[in-house]
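Scroll down for the structure; my scribbles are underneath it.
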Amino acid sequence: MLLPEGADIPTDVPPQWNAPPHIAARFSRRRRRNGTLSPAVSNQAQLSASHLATTRRATLLEARKSLLRARAQHVEKVRRSRADDSHEAVSERLLALQASMRAAQDSRNAILAKIAGACASEVAKAKRTANEMRRRREKETRDLKESFEERMKEAQRRRDVALRERGRRRRERGSRGEDAAEREKAKVQAESTSEAKRVQAASRIQRAWRLARDRKIVVDFVALGLTIESVRDADFITVSTRFQDDEVLRATSKLLMRCGLLEGIEGVEGALEKCCRTFLSSYLILGHPGEVLSNDGMKEKELIERSKDLLIAFESFLSSQTFPPPDALYNAWSEFSTAFDTWKSRDSKIFIETMVAQYAELDLIWQKVKDDTTGGVAEDFKEGIRENQLMLLVRIRRLAGDRTRDLIRTAVKDSRKNRLPKKEKRDTKPREVPSSDATTVSTVAPTPAVVMPTVKPEPPAPVQPTPPQVGFHNVASGDDGMQSNRQIIHELAMDKDFRLQPRKRSKIEAMVEDTAKTAFWGAMREDITEGKLEKWIPSLAETVRGKLLRLLDSKGSLHRAVAESMDIELIRQQCHNGSYDHEKLLSYVLNLLPKICSPARDEDVKALVEDTGDYISRLQKLLDVLEAMQLDHANFLLMISAPQVIPEAIPYERRLFAADLEAGRATLDQTRQWLLTAKSQLPAGTPANDVHVHAFLNLLFGLETLDVSSIPETFHLDHQRIRDTRETLRTVILGGAIVLTVKTLLRRDVRSSWKEISSFVGNLLRSSTSTTEIADGVRNFVDETAAVPAPTLVAVRNAVARILERGTADPVARVVANRVRGFVMERLVATNSQDKVRLAATAGEVLTGWGVGEWIGELGGVVERVATWRIVDMGVNWEWYNEILGVGVGVGA
């Protein structure tokens, strides 16, 4: 508070001072930190804490309630999902999905048909519009020209009138100068009049020339005499050759160009000739539909209708020649061209697939004969294969264009992968290579797959040219179940790349073998645990020692080391005294195996060395590895001795069979019945070669189960091969008949390839013997892969069941069987390389035309195996065949 100047300051009033708010607040906070709160502030803080605790509790309760609600919803969702995943719900959803897919497919087909129709109509409409515009422009040009001529005439008339009037006036004046000028003007007028007359005359001459030219074009075409009746009455080959004549193509192209049907293709190379051939094809389609169209489907019927419309419109045009022609001819040509291109594109695909398969078949033949230098076989085949491949390559490129290289590469790769013998990629050559003396042995009989340690194995015996001292019916395999030397040599004669494989066992044999092994190793484990080493260890050591010695060179240092280290008598004595450590045997062998096994067995040996199982299981695995090593060793010996064995295989088999006949172990009763039955089915005087081929095919072709007792004695080594070949041919015949019938019922082109159904049907026929199961399987496959109505599915199932039940009594199966038999027979009787190459080149086309193009690979493999088989059979047994058939000269000579 300010006092006035000069006033006295009161002394009885104490001084008062109020601090600013921000300073007062600072002092207030400092006092609260230093002392306690005021009661009012304390109560307020307690109320705030209580409210905060209540709020937190409520929030926690709400959170827990939300969690419980979420868990309850999850439980309800899981319960509903389990109910939705039941079989009934899944079945309902699957049925609904299938129904929706069928509806979607029907809708898609309808939309595509609608789009195709709309596109065709739009194209026709565009062409009509273009023709109308062209005619309108021509009419406008003619009208403009006529109006221009009329105006010129009118101007000339007015000019004449003016000149006459001017001359009259000049004559009236009688002036000489004016008369001269008038004469000059009259001269100019005469010249202009003569020029107009020349233009008019030129126009008339051009119009007459055009009419004469058009008349000559039509007359030249009519002079060819091409009508539907003339084409129908003539031979198809004659008409086709005539349509390739330059005169016919030239006359047709001129007429079509004048009609305006070939507008826009003058600058395209080859397009004019292609369009002319397309137009002339309409005569062939109507005159010889059976030769041109190999099927009677919807596309073919539509093409016939379009050809008929085109030729009717064209004949109508020729009867009343007016240029430009009527719109009906343009529309008919457009529709025919569209239908022809659609039909040709589908046929082109079939032709391409057929020719690519033929190219791959020729490549397979070359791959199999290129290494055969004996007798110049490779040279004989090389030229023919190359010529046919070049011809096929040109045809494929003409249809496929730039895709030719990829198509051929893929087909050749697949055929080589599926039909050429698989080559061993791993190195199975033993590290301990036998000496030169050992490699001269023809073959070494492998040890049995199941080894009983209590039996001492016999050392391998080389093949000798003396007959074996066993029964005739046991020559196919040895006492241990493996192939005998006689069987091995026979297989080498059939396939120079033959290799030994473990014997295949049936399910019952495998079950019995597993049970015996389990009992054997279980008894051994119990006795060794109880300390009864003498009962097992010596025999096991002797078995392992024998296997190892058979893998080593008898003259090598390693062979002597193993023989001296594993003293069986010493081991037996130590086991009797209880002082032998049986782990030493296993450790010694495991250290030796990496030195003598082949590189292909390194992984197996490494796994055996690192195995930490019990002694019995490791010993069992050791014997399995030794078995595999023995098989590698036997195959190696077989590989290096094959070049010496194969040339002597046929004489060796002949000597052994003759010895069997002489000793009474074999007869020729079944062989005689087999050949004489085939001879009685053929005309008298049929050559012995043809009789043998017929009898050979009788043995291989048949849908019924073959009785082993009826197999000729000369095929005693081929029982399994006969069964396998008959099963393959049965699959081809029944499968081909089924696929052909299904294609017909579904109205598909029988020549078109359908690999999926052929593979499916082939697997069904090989794995199932139930007619109902196969028929239902084919029906389900068709239902899943194509939109087919229910009555058609029933017809498919009934047709498949009928074919399976009746066999060759069914007409379709009988036709397929006869064609396949004729196909195989034609390939077997081919004698020279040219015929073989020609038949191989046309095999795909022939089978595709019959409707069994999907089985080219299977039939090709059968033909190759049977051809080699027949050569070996005739080389071994031709002497006895001649004796039975009463022929003096050897059939197979």
With Arg819, Arg865 as the choices, which residue is in contact with a helix residue (DSSP H, G or I) (Cβ under 6 Å, 6 or more places away or on another chain), under 18 Å from Asn698 (Cβ atoms), buried (at least 16 other Cβ atoms within 10 Å of the Cβ) and among the basic types (Lys, Arg)? Arg819
Any helices (runs of 4 or more DSSP H) falling wholly within the range 802-892 and containing at least 3 residues that are β-branched (Val, Ile, Thr) and modelled with pLDDT of 85 or more: 811-829, 856-885
Which of the following residues is open to solvent by 30 Å² or more (accessible area, probe 1.4 Å) and over 15 Å from Pro538 (Cα atoms): Leu622, Leu558? Leu558
Looking at the range 548-573, which of its residues are out of contact with any helix residue (DSSP H, G or I) (no Cβ under 8 Å at 6 or more places or on another chain) and either modelled with pLDDT under 80 or among the acidic types (Asp, Glu) (or both)? Gly556, Glu564, Asp567, Glu569
Could you check how many residues of the range 727-760 are in a helix (DSSP H, G or I), among the charged types (D, E, K, R) and open to solvent by 20 Å² or more (accessible area, probe 1.4 Å)? 4
If you check Ala271 against the conditions, is it at pLDDT 70 or above and either touching a Pro at 6+ places or on another chain (Cβ under 7 Å) or among the small types (Gly, Ala, Ser) (or both)? no
Candidates Val829, Val812, Val846 - the one that is in contact (Cβ under 8 Å) with a residue 40 or more places away in the chain and either among the aromatic types (Phe, Trp, Tyr) or crowded, with 18+ Cβ neighbours inside 10 Å (or both): Val812
Failed item in (1) open to solvent by 20 Å² or more (accessible area, probe 1.4 Å); (2) in a helix (DSSP H, G or I), with Tyr580 passing the rest: (2)
Evaluate the following for Pro462: is it at pLDDT below 80 and either surrounded by 18 or more Cβ atoms within 10 Å (Cβ to Cβ) or in contact with a Pro (Cβ under 6 Å, 6 or more places away or on another chain) (or both)? no
Please specify each residue of the range 112-139 satisfying the condition of being in contact (Cβ under 8 Å) with a residue 40 or more places away in the chain, closer than 14 Å to Ser334 by Cα and over 35 Å from the mean Cα position of the chain (by Cα). Val123, Ala124, Lys127, Arg128, Asn131
For the range 661-678 the number of residues that are surrounded by 19 or more Cβ atoms within 10 Å (Cβ to Cβ) and in a helix (DSSP H, G or I) is 4
In the set Arg79, Arg69, Arg102, the lone residue that is modelled with pLDDT of 85 or more, open to solvent by 90 Å² or more (accessible area, probe 1.4 Å), of a type outside the set (Phe, Trp, Tyr) and under 50 Å from the mean Cα position of the chain (by Cα) is Arg102
Return the only residue of Leu585, Leu661, Leu682, Leu668 being out of contact with any Pro (no Cβ under 6 Å at 6 or more places or on another chain) and over 30 Å from Ile711 (Cα atoms). Leu585
Test of understanding: among Ile312, Ile304, Ile285, which residue is touching a Pro at 6+ places or on another chain (Cβ under 7 Å), β-branched (Val, Ile, Thr) and modelled with pLDDT of 75 or more? Ile304
If Asp553 satisfies every condition in (1) among the charged types (D, E, K, R); (2) touching an Asp or Glu at 6+ places or on another chain (Cβ under 9 Å); (3) in contact (Cβ under 8 Å) with a residue 24 or more places away in the chain; (4) part of a helix (DSSP H, G or I) but one, which is the exception? (4)
Taking Lys299 as meeting all but one of (1) farther than 17 Å from Ile217 by Cβ; (2) modelled with pLDDT of 75 or more, write down the number of the exception. (2)
Return the residue satisfying two criteria in turn: it lies in the range 767-789 and is in a loop (DSSP other than H, G, I, E, B) and either in contact (Cβ under 8 Å) with a residue 24 or more places away in the chain or touching a strand residue (DSSP E or B) at 6+ places or on another chain (Cβ under 6 Å) (or both), and of such residues it is surrounded by the most Cβ atoms within 10 Å (Cβ to Cβ). Val788
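The values are calculated or read from the model by the stated rules, or taken from the named source; none is laboratory data. On a predicted model such as this, the values are computed, not experimentally measured, just so you know. Cβ sites come from the backbone with ideal geometry, for glycine too, and all protein chains shown count toward neighbours. Calculation scope for accessible area: heavy atoms of the full protein, side chains included, ligands and nucleic acids excluded. Shrake-Rupley method; radii C 1.70, N 1.55, O 1.52, S 1.80 Å.
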